[in-house]
Amino acid sequence: VMISLEIPKDIVEDIKSKPDPIGELPNSILEGEGNIYNAVAVQVCERCLGLTAITSKPNRYHYNLEHDGRKIELKVKVVNSEPRSYYETSIADSNTNQKCDDYLFGRVKTDFSKIWILGSLPRDEYFKRARFRKVGDVDPSNGQIAKQSCHQVRIDELDTTLINSWFNNRGNTL
């Protein structure tokens, strides 16, 4: 089960009060426009799941969270509505060289009111399961046209065991 949370206002205020510490990362689909959403999601994962945010610049391209020695890359999409189980997660084909152990996926509502933590997969497993879409392909699950060539896995194909374990170990309940 994906985790649905209201985003604490203090996290959003704190992130918005700082200059963009990331800048445009290589191969960013949104060319840096999604940085604030990603920064908010990282902070929510740190507070609510007990993961450790990565702040050192050399590693941030490859992963942005750590837990028990595992390097985790959080991939976030900005949305207007609750994600459906048949929606796709994506990793740009230009980002397949990221040196992470796991991918974690989330969605942040455009108004910063809500975050959905969808699930995770080990990096190698993600690419084994993924379907490739090239630029211009239409995603049959939502009609979106691929802006970049990417590898996609449906939300309902992600593993939610870890995210629910992390969440519950923090004393949280859904």
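Points to keep in mind about this one:
- From the options Arg129, Arg123, residue that is more than 24 Å from Leu5 (Cβ to Cβ) and surrounded by fewer than 17 Cβ atoms within 10 Å (Cβ to Cβ): Arg129
- Search result, residues across segment 139-165 that are open to solvent by 50 Å² or more (accessible area, probe 1.4 Å) and of a type in the set (Asp, Glu): Asp156, Glu157, Asp159
- Selection status of Asn95, over 21 Å from Ser165 (Cβ atoms) and either at pLDDT 95 or above or not basic (Lys, Arg) (or both): yes
- Considering only residues in segment 1-38 that are surrounded by 12 or more Cβ atoms within 10 Å (Cβ to Cβ) and assigned to a helix (DSSP H, G or I), the one that is modelled with the lowest pLDDT turns out to be Asn35.
- Selection count where residues are assigned to a loop (DSSP other than H, G, I, E, B), out of contact with any helix residue (DSSP H, G or I) (no Cβ under 6 Å at 6 or more places or on another chain), surrounded by 14 or more Cβ atoms within 10 Å (Cβ to Cβ) and touching a residue at least 40 places away in the same chain (Cβ under 8 Å), scope segment 51-82: 0
- Against the criterion of being in contact with a Gly (Cβ under 8 Å, 6 or more places away or on another chain), modelled with pLDDT of 95 or more and of a type in the set (Phe, Trp, Tyr), Phe112 does not qualify.
- If you filter segment 83-92 down to residues that are within 19 Å of Leu162 (Cβ to Cβ) and not in a strand (DSSP E or B), you find that the one that is nearest to the chain's Cα centre (by Cα) is Pro83.
The values are calculated or read from the model by the stated rules, or taken from the named source; none is laboratory data. Source: prediction; values computed, not measured. Here the Cβ is made from the backbone with ideal geometry for all residues, glycine too, and neighbour counts use every protein chain on show. Ligands, DNA and RNA are stripped out before the accessible areas are found, and what is left, the full protein with its side chains, is counted by its heavy atoms. Shrake-Rupley method; radii C 1.70, N 1.55, O 1.52, S 1.80 Å.
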